[in-house]
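Novice: Sharing a structure here in structure tokens format.
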Amino acid sequence: MSDRRVAVVTAGAGAGIGSAVVRHLADDGFDVVVTDAHERRCREYADRLSADFERPFAAFVCDVTEATQVEVVMSSVAERYGRLDVLVNNAGWSKIEPVAEMAVETWRRCIEVDLTGTFLCMRYALPFMIEQQSGCIVNISSIAAWEMTAEHGAAYSAAKAGVLALTRVAAAENGRHGVRVNAVAPGLIYNEFLRRIYPDSFFEGYAQDRSKLGRVGQPQDVASLVSFLASDAAGYITGEVYGVSGGVAPRG
Ligand SMILES: NC(=O)c1ccc[n+]([C@@H]2O[C@H](COP(=O)([O-])OP(=O)(O)OC[C@H]3O[C@@H](n4cnc5c(N)ncnc54)[C@H](O)[C@@H]3O)[C@@H](O)[C@H]2O)c1
């Protein structure tokens, strides 16, 4: 069995939250398993981490909507390391279309990646965590789950709200097995790919007028919270959701 705690991060090789979470957990001393649907980026990022930290990091190509791939990743991790301590469900997808014009495929894809993908990873990670009687899951939701706005699209908002419900039920079911399940809900966490999803008007004046802290969020802002939730210092925290939005949309 690995001496280090083992963390699996989905969509961990992008330009945003996932890769920052991977690096932060690596800094915390975890053996982090980088998973992503994008094969080349996934392998390159694991190689870069292996060089930077001078210890091996594993890469597993995994599209979270593919149940078989998810099952293989979780069982391979359990087999290779003999443990699975932390799962961070970071994979997300969105396309903004009004309900009255939304392609059915947009709705289905969004629910499939954001909600079903999160379920599948939990479904295949939890049995190992239950067996070892410890574990921690952090699901990346969004303030879109409770904001009353047309900005994010209904499919994304509904999927991310579903992630919160999934989080609470899984927390209720698994606390007695020593497994904690929490959610993090970011506001705008800037990365260049968001420009493809949101119109320019979404970004204009965001830091000055909407953020209460005068800036947009950075992936590191979310990674710091995930790191805390994954640590023993958060040992009495489960079934909760924490916003990271610079005060844009706090929960009442
Ligand atoms: N960026 C934001 O402003 C923001 C705000 C709120 C919530 N979130 C949520 O945070 C998470 C990370 O978002 P991000 O913008 O930081 O991007 P990111 O860079 O962390 O993730 C992008 C990566 O996701 C991978 N990916 C896409 N579909 C996948 C799938 N089906 N299976 C596995 N990997 C897949 C891509 O290959 C890419 O590498 C998402 O769940 C997103 O909904 C982001």
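The values are calculated or read from the model by the stated rules, or taken from the named source; none is laboratory data. Being a predicted model, the structure only gives us computed values, none of them experimental. Counting neighbours? That spans all protein chains shown, and the Cβs are built from the backbone with ideal geometry, glycine included.
Novice: Looking at 40, 80, 108, which is the one that is touching a residue at least 12 places away in the same chain (Cβ under 8 Å), among the charged types (D, E, K, R) and part of a helix (DSSP H, G or I)? Working first, answer last.
Specialist: On the way: 40 fails: touching a residue at least 12 places away in the same chain (Cβ under 8 Å); 108 fails: touching a residue at least 12 places away in the same chain (Cβ under 8 Å).
When all the criteria are applied, what remains is 80.
Novice: Could you check the range 186-230 and list, in sequence order, the residues that are among the basic types (Lys, Arg) and closer than 14 Å to residue 243 by Cα?
Specialist: If we filter the range 186-230 for residues that are among the basic types (Lys, Arg), which is where we start, we get 195-196, 210, 212, 215.
The answer is 212, and nothing else.
Novice: Give me the residue from the range 171-215 that is out of contact with any Lys or Arg (no Cβ under 9 Å at 6 or more places or on another chain) and hydrophobic (A, V, I, L, M, F, W, C) and, out of that set, farthest from the ligand (Cβ to nearest atom).
Specialist: My answer is 172.
Rundown of residues vs (1) more than 26 Å from residue 181 (Cα to Cα); (2) of a type in the set (Ser, Thr, Tyr), yes/no style:
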site: 61; (1), (2): no, no
site: 66; (1), (2): no, no
site: 72; (1), (2): no, no
site: 77; (1), (2): no, no
site: 97; (1), (2): yes, no
site: 103; (1), (2): yes, no
site: 108; (1), (2): no, no
site: 124; (1), (2): no, yes
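Novice: Here's something else I'd like to know. Scan the range 54-61 and tell me whether some residue there is assigned to a helix (DSSP H, G or I) and over 24 Å from residue 221 (Cα atoms).
Specialist: The initial filter retains those residues of the range 54-61 that are assigned to a helix (DSSP H, G or I), namely none.
No, there is no match, as no residue in the range 54-61 is assigned to a helix (DSSP H, G or I) and over 24 Å from residue 221 (Cα atoms).
Novice: Looking at the range 186-193, can you tell me whether even one residue there is part of a helix (DSSP H, G or I), modelled with pLDDT of 95 or more, out of contact with any Pro (no Cβ under 8 Å at 6 or more places or on another chain) and not hydroxyl-bearing (Ser, Thr, Tyr)?
Specialist: First pass over the range 186-193, keeping only residues part of a helix (DSSP H, G or I): 192-193.
Now drop any that are not modelled with pLDDT of 95 or more, which leaves none.
Within the range 186-193 (the criterion being part of a helix (DSSP H, G or I), modelled with pLDDT of 95 or more, out of contact with any Pro (no Cβ under 8 Å at 6 or more places or on another chain) and not hydroxyl-bearing (Ser, Thr, Tyr)), the answer is no, since none of the residues qualifies.
Novice: Sticking with this one: Looking only at the range 29-51, decide whether some residue is away from the ligand (no atom under 16 Å from the Cβ) and among the hydrophobic types (A, V, I, L, M, F, W, C).
Specialist: Taking the range 29-51 first, the residues away from the ligand (no atom under 16 Å from the Cβ) are 29-31, 50-51.
When the remaining residues are screened for being among the hydrophobic types (A, V, I, L, M, F, W, C), the result is 30, 51.
Yes, the range 29-51 contains at least one residue that is away from the ligand (no atom under 16 Å from the Cβ) and among the hydrophobic types (A, V, I, L, M, F, W, C).
Novice: Please identify the pairs in which a residue from the range 139-156 that is over 15 Å from residue 190 (Cβ atoms) has its Cβ atom under 6 Å from the Cβ atom of a residue that is more than 11 Å from the ligand (Cβ to nearest atom) and hydrophobic (A, V, I, L, M, F, W, C), counting only partners at least 6 apart or on another chain.
Specialist: Cβ pairs passing all conditions: 141/164; 145/161; 145/164; 153/96; 154/99; 155/107.
Novice: What are the residues in the range 69-109 that are closer than 30 Å to residue 202 by Cβ, within 14 Å of the ligand (Cβ to nearest atom) and among the hydrophobic types (A, V, I, L, M, F, W, C), if any?
Specialist: 88, 91, 93, 96
Novice: Out of 15, 67, 78, I need the residue that is surrounded by fewer than 21 Cβ atoms within 10 Å (Cβ to Cβ) and at pLDDT below 95. Which one? Steps first, please.
Specialist: On the way: 67 fails: at pLDDT below 95; 78 fails: at pLDDT below 95.
It is 15.
Novice: Specify which of the listed residues (150, 103, 155) is crowded, with 22+ Cβ neighbours inside 10 Å, more than 23 Å from residue 20 (Cβ to Cβ) and aliphatic (A, V, I, L, M). Break it down into steps so the answer makes sense when it comes.
Specialist: On the way: 150 fails: crowded, with 22+ Cβ neighbours inside 10 Å; 103 fails: crowded, with 22+ Cβ neighbours inside 10 Å.
None of the others qualify; the one that does is 155.
Novice: Here's another thing I want to ask about it. What is the one condition in (1) within 12 Å of the ligand (Cβ to nearest atom); (2) part of a loop (DSSP other than H, G, I, E, B); (3) without any contact (Cβ under 8 Å) to a residue 60 or more places away in the chain that residue 12 does not satisfy?
Specialist: With respect to (1) within 12 Å of the ligand (Cβ to nearest atom); (2) part of a loop (DSSP other than H, G, I, E, B); (3) without any contact (Cβ under 8 Å) to a residue 60 or more places away in the chain, residue 12 is out only on (3).
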